């Protein structure tokens, strides 16, 4: 679900984006994460740190984690998937029915970054299935966003903003 710009939840420097752009990026991310899961299922207990760090699934997961970090730090409007969407997809579509504040999808990128980073660290520490579990959790979120337009990280953001506003109103 998208955050409607007409809602009362806004950030100081609101940047409104086409909500189809994060869904497009989530679709690419879901495919990449599915590949990570497939590559990593066979390597759940690789013996040495060097073997774990050079496994193909791990290396692709590092790239996905870096993309989450990029989206969380630069914002979804500056993410490579957003640039691809604007350059190649937007000209073929009509204008969006509504725009959404980029704060929630940017927060969602941060949540994805934390989940994948924890998976990377635990995998390198030798925790069996850590990479597969973290990639699966991120895949579920990306799949829900890309197919059903339900962004788990965006919902977390909106909940946190509501809690903060409720605490401020109670003071």
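All of the numbers you see were taken from the coordinates with simple rules; none came from a lab. Please read these numbers as outputs of a predicted model, since none were measured by experiment. As a convention, Cβ positions derive from the backbone with ideal geometry for all residues, glycine included, and neighbour counts pool all protein chains shown.
The calculated 222 nm mean residue ellipticity attributable to helices in the chain amounts to -21500 deg cm²/dmol, summing -39500 (n - 2.57) over DSSP H runs of n ≥ 4 and dividing by all residues.
For a quick check: sort 92, 164 by the number of other beta carbons within 10 angstrom, fewest at the front.
Numbers: 92 6, 164 11.
The fewest-first ordering by Cβ neighbours comes to 92, 164.
With respect to the chain, whose longest principal axis is taken over its alpha-carbon atoms, helix 152-170 is tilted by about 50°. The eigenvalues of the Cα gyration tensor, multiplied by 5 and square-rooted, give the chain an equivalent ellipsoid with semi-axes of 31, 20, 12 Å from largest to smallest. Spatially, segment 80-118 and segment 141-155 are offset by 11 Å when compared through their Cα centroids. Using R0 = 45 Å, the C-beta based FRET efficiency linking residue 83 and residue 42 works out to 0.85.
Structure remark: mean-square fluctuation, Gaussian network model of the chain, C-alpha springs under 10 Å; the largest value among 27, 71, 94 belongs to 94. A simple spin-label model places the labels of residue 14 and residue 162 1.8 nm from each other, with each point 7 Å out along Cα-to-Cβ. Each peptide in 147-153, 107-113 gets a packing score, the mean of other Cβ atoms within 10 Å over its residues, and the list from highest to lowest is 107-113, 147-153.
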